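Quick notes on the structure that follows.
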Amino acid sequence: MIAGSVSARDRRTLVTGACVVALIIGVGRGGPAWLTWTRARVNAAAEAGEQLASAKRSAFGLAAFTDSANVRSRRLDSVRALLVRARTPESAAASFASLVGATAEAQGADVIAVTLSADTVVRWGMARVAVRLSAESDLAGLMALLAVLETRPMPIVIRDLSVSQPDPAAPRSKADALRFDMVVQTLAAIRREPAGDKR
């Protein structure tokens with residue numbers, strides 16, 4: 001009887017009120033959970049963005065490092081092409097001694113002695129080799145020899161140079177003769193023979 005006495009307007013009001021109460025309860029319970037879920041999603045998105053940015057920076061750094069390594073490798077190959085090449089430091093020193101002696105003779109010097117010196121430690125396929133050259137020449141010949149050695153494409157360093165007059169009492173025709181000793185150093189490219197290829 002009570003249900004029948006409720007008017008349509010009251011019924012709508014009752015339904016609306018029940019919906020509002022249910023909505024309030026639902027929001028009161030589900031709202032914080034929804035906000036927590038939203039914050040978690042935002043934080044996850046921000047973290048993913050940071051990881052992506054970090055990955056891009058790492059990829060860029062790796063690309064720059066690779067480019068730098070490639071440039072250095074090409075530069076090292078271009079330098080190796082100018083070096084004395086041999087299978088051992090000792091044979092490289094012998095080849096370099098022949099080159100220095102021939103260069104001195106080409107400038108008119110009389111070669112007295114050539115002494116070899118080689119660094120037995122090979123680093124990155126290269127070793128230092130040196131030659132001590134003792135010779136006689138006039139001043140013009142010595143200057144020409146120094147100029148030729150220092151302008152060669154091969155990296156050459158003159159570590160020591162001493163000049164003396166071999167015979168102070170020499171006649172005037174030989175008064176300009178000089179005795180000089182110099183240490184000439186360079187790098188050699190060492191390509192050792194594999195153990196299985198020795199014959």
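Here are the numbers for this structure:
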quantity: Enumeration of residues in the stretch 17-58 that are among the small types (Gly, Ala, Ser) and either at pLDDT below 70 or touching a helix residue (DSSP H, G or I) at 6+ places or on another chain (Cβ under 7 Å) (or both); calculated: Ala22, Gly26, Gly28, Gly30, Gly31, Ala33
quantity: Test: residue in the stretch 92-107 that is assigned by TED's automatic domain parsing to the domain that holds Ala188, modelled with pLDDT of 90 or more and not in a helix (DSSP H, G or I); calculated: yes
quantity: Residue that is surrounded by the fewest Cβ atoms within 10 Å (Cβ to Cβ), among those in the stretch 159-191 that are among the charged types (D, E, K, R) and modelled with pLDDT under 85; calculated: Arg172
quantity: Residue check, Ala113 part of a strand (DSSP E or B) and touching a helix residue (DSSP H, G or I) at 6+ places or on another chain (Cβ under 9 Å); calculated: no
quantity: Selection status of Leu133, assigned by TED's automatic domain parsing to the domain that holds Ala106, surrounded by 12 or more Cβ atoms within 10 Å (Cβ to Cβ), modelled with pLDDT of 80 or more and over 17 Å from Ala93 (Cα atoms); calculated: no
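The values are calculated or read from the model by the stated rules, or taken from the named source; none is laboratory data. Only a predicted model underlies this, so the values are computations on that prediction, with no experimental measurement involved. Positions of Cβ are generated from backbone atoms using ideal geometry, with glycine treated the same way; all protein chains shown enter the neighbour counts.
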